[in-house]
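The values are calculated or read from the model by the stated rules, or taken from the named source; none is laboratory data. Here the structure is a predicted model, which is why all the values come from computation and not from measurement. Virtual Cβ from ideal backbone geometry, glycine too; neighbours counted across all protein chains shown. SASA here: full protein model, heavy atoms, side chains in, ligands and nucleic acids out. Shrake-Rupley method; radii C 1.70, N 1.55, O 1.52, S 1.80 Å.
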Amino acid sequence: MINIKNYINGNLSDPLDHQFIDVWDPSNGKKIARCPNSSSKDLELAIKSAKNAFPHWSCLNQNQRSDYLLSIANEIKTNIEEFADAESRDNGKPLTLSKTLDIPRSIKNLEFFANLAKDYKSESFYQDDVVSRIIKQPLGIVGTISPWNLPLYLFTWKIAPALVTGNCVIAKPSELTPYTAYLLSKVCIKINLPKGVLNILHGEGSLIGREIVKHKYIKAISFTGGTETGKEIAIEASKNLKKINLEMGGKNPVIIFDDCDYNKMMHSLVRSSFLNQGQICLAGSRIYVQEKIYDKFKNDFINKVNALNTGDPFDSKSDQGAIVSLNHLDKISKYVDYAKKDGGVILTGGEIVKIDGDCSNGWYYKPTVIEGLPQNSRVNQDEIFGPVVTITKFYEDEEAIEMANNTQYGLASILWTQNINKAHKLAELVESGLVWVNCWLERDLRTPFGGIKKSGFGKEGGKYALDFFTETKNICTKYYDK
Ligand code: NAD
């Protein structure tokens, strides 16, 4: 049993109220750890230490701050096996995915922002004898709140730009997947990150998450999670006019035109539908296919999906691991039931998978493809966030765009066509913050990232993240002739 601890003022500690949450291994349904269920008392300690740390940390020069991030990245790299194992242990994702995506990307986040910040220069404007110098200053203490689906990946995506711009951070990982953030706190101790610069508080969103959002000394909240939680955070944070950045849910359309590169599309589509058991905010869960290729597509896609191997995340032969929690497994099952009630046809999947042996009590769901659902079915409207996709036939471009835009979400969309002119024209009409043309999950970290409609508020990534975590000041000076 692992005893996960908070990281406050450079030390690992239990919560002051001695309240804990059980942490489960989804692969076998066994308890593996307990993590603090922190309260406002722990937050006060973290705030105190962050306040003490801020004057020194914010006055370090850029290279010094960047070097700390690079040291953290190096240390994760040295221990990549341990981090990958931990990521799969409390999340249920295949170990191969933790090793090739989650942990490498976490390292890259730290390295990327460490380097980017070195070129984050101030600007100057000259007008006659007046010079306006524009500088970027850290906000002070900021809060980051992250979800369970890409635990360390999204945790570092937030803390890196916040720290490197000179802020002190109170970070809350998801209570379902606290393990890698705990390992990261040990790394911070090892590399001698100054005390109080980063504080990691574990616990429930409805308890410590809310306290972080409310706290008067926390100047900004960077949140990734569900839309309903995001709304609540927006309401609470607005009471103190805090800066907020909200990255929320998605119900992303994939539009497949009959002129696409079919093999490339099919290969990518299996990933964009089911990678990480479909528990990726950017996954394409509503698939629209042009009439001419629909029947062939349906047949080929189902064959590909049937070939996916669902099983022990620690077995390299498993393409699909476990679902993060029993509650979430239940939610997925319920949505498939709704699909049946709404007239949907389950082409493949649609059931919980029982794995023999050590994983027999684990939480697994078969990759599922549903056809024939009306667009207003909640299965086509709500984010399921699991291995469930719907397929729908379309005839004309306009019809596809109309269906694609017919949800409250607007995170990402995926277009497959070899007609690049058409792709660009339609990409402008699709309502989402990101449009992938003939690819999926390609990320240049310099680009803005974030949804529109009820998927996002503000942008992360590149200088957009550095802007979020800084205040812009104009120092305007007039020079007189001597
Ligand atoms: P969630 O909203 O339940 O929780 C996210 C985080 O917020 C957790 O750390 C949780 O403890 C905390 N939290 C919960 N209630 C809170 C409150 N009232 N105040 C403050 N904090 C609170 O989401 P989840 O189930 O952990 O993650 C899945 C969701 O995340 C999906 O909707 C998915 O689309 C979304 N997501 C979005 C992106 C993106 O970039 N847009 C990326 C990954 C995941």
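If I take R0 = 25 Å and measure r between the Cβ atoms of Lys341 and Arg443 in this structure, what FRET efficiency does the formula 1/(1 + (r/R0)^6) give, to the nearest 0.05? Between Lys341 and Arg443 the formula returns 0.10. The radius of gyration of the Cα set in the stretch 207-321, together with its Dmax, comes out at 20.1, 59 angstrom. Considering only Cα-Cα distances, which of the following residue pairs are longer than 31 Å: Lys31/Lys331; Lys242/Lys422; Lys118/Lys317? Table pairs above 31 Å Cα-Cα are Lys242/Lys422; Lys118/Lys317.
The modelled label-to-label distance for the pair Ile189/Ile2, using points 7 Å beyond Cα in the direction of Cβ, is 1.5 nm. With protein chains left intact and a 1.4 Å probe, residues in the stretch 1-79 average 47 Å² of accessible area per residue. The simple Förster model, with R0 at 56 Å and r as the Cβ-Cβ distance, assigns Ile475 and Asn309 a FRET efficiency of 0.40. Where in the stretch 235-271 does the amide nitrogen come within less than 16 Å of the point 7 Å from the Cα of Lys292, taken along Cα to Cβ? Under 16 Å, as judged by backbone N against the label point of Lys292, lie 256-263 of the stretch 235-271. In the chain, the longest principal axis of the Cα atoms and the axis of helix 262-274 are about 60 degrees apart.
Taking amide H as placed 1.01 Å from N in the peptide plane, the amide H of Ile452 sits under 5 Å from that of Gly410, Leu411, Gly433, each at least 5 places away or on another chain. The label-point distance for His18 and Lys77, in a model that sets each label 7 Å from Cα toward Cβ, rounds to 4.4 nm. Compared with the dominant Cα axis of the chain, that is its longest principal axis, helix 103-116 is turned about 40°. Using the 1.4 Å probe convention, the accessible area of the stretch 109-188 works out to 30 Å² per residue with neighbouring protein chains retained. Modelled spin labels at Arg271 and Asp129, positioned 7 Å past Cα toward Cβ, are 6.2 nm from each other. Here the stretch 343-362 is scanned for amide nitrogen atoms under 13 Å from the site 7 Å beyond the Cα of Asn376 along Cα-to-Cβ, giving none.
Averaging the Cα positions of each part gives two centres, and for the stretch 70-138 and the stretch 349-392 these lie 34 Å apart.
When a 1.4 Å probe is rolled over the protein heavy atoms, the share of accessible surface on the chain that falls to carbon and sulfur comes to 49 percent. If R0 equals 45 Å, the separation of the Cβ atoms of Glu351 and His56 corresponds to a calculated FRET efficiency of about 0.20.
How big is the Rg/Rh ratio for the chain, C-alpha atoms only, Rh by Kirkwood, two decimals? With Rh from the inverse mean 1/r over Cα pairs, Rg/Rh is 1.00.
Counted over the stretch 1-124, the DSSP beta bridges are approximately 80% antiparallel.
Remark: the stretch 416-482 carries 60 Å² of accessible area per residue (probe radius 1.4 Å; ligands, DNA and RNA excluded). The Cα center of the stretch 435-463 and the Cα center of the stretch 151-221 differ in position by 22 Å.
Relative contact order of the stretch 258-353: 21 percent, from C-alpha pairs under 8 Å at least 6 residues apart in sequence. For the chain, adding -39500 (n - 2.57) for each run of n ≥ 4 DSSP H residues and dividing by the number of residues yields -11500 deg cm²/dmol at 222 nm. Across the stretch 247-308, Cα pairs under 8 Å and at least six residues apart give a relative contact order of 45 percent.
Based on C-alpha pairs under 8 angstrom that are at least 6 apart in sequence, the stretch 330-432 has a relative contact order of 21 percent. Bridgeable aspartates and glutamates around Lys121 (alpha carbons under 12 Å apart, same-chain partners fewer than 8 residues away excluded): Asp467. In a reduced charge model with +1 at each Lys and Arg Cβ and -1 at each Asp and Glu Cβ, the stretch 67-174 shows a dipole moment near 200 debye about its Cα centre. Among beta bridges from DSSP that stay inside the chain, the antiparallel ones total about 45%. The HN-Hα couplings worked out from phi for the stretch 441-446 by the Karplus form 6.51 cos²θ - 1.76 cosθ + 1.60 (θ = phi - 60°) are 6, 6, 10, 9, 5, 7 Hz, whole numbers, x standing for Gly and Pro. Here the extension length gained between Asp300 and Lys121 equals 59.3 nm, from 0.36 nm per residue of separation less the Cα-Cα distance. Whole-Hz Karplus values for the stretch 329-340 come out as 4, 5, 4, 4, 4, 4, 5, 5, 4, 4, 4, 4 Hz, taken residue by residue from phi with 6.51 cos²θ - 1.76 cosθ + 1.60 and θ = phi - 60°; glycine and proline positions read x. Please state the shape class of the stretch 374-454: rounded when a/c is under 1.5, otherwise prolate if a/b exceeds b/c and oblate if not, all from the C-alpha gyration tensor. Oblate shape, in that a/c is at least 1.5 and b/c is the bigger or equal ratio. Its Cα centre serving as origin, the stretch 366-440 has a Cβ charge dipole (Lys and Arg +1, Asp and Glu -1) of approximately 280 debye.
The phi torsions of the stretch 420-425, fed into the Karplus equation with coefficients 6.51, -1.76 and 1.60 and a -60° offset, translate into couplings of 5, 4, 4, 4, 5, 5 Hz, rounded to whole numbers, with Gly and Pro shown as x.
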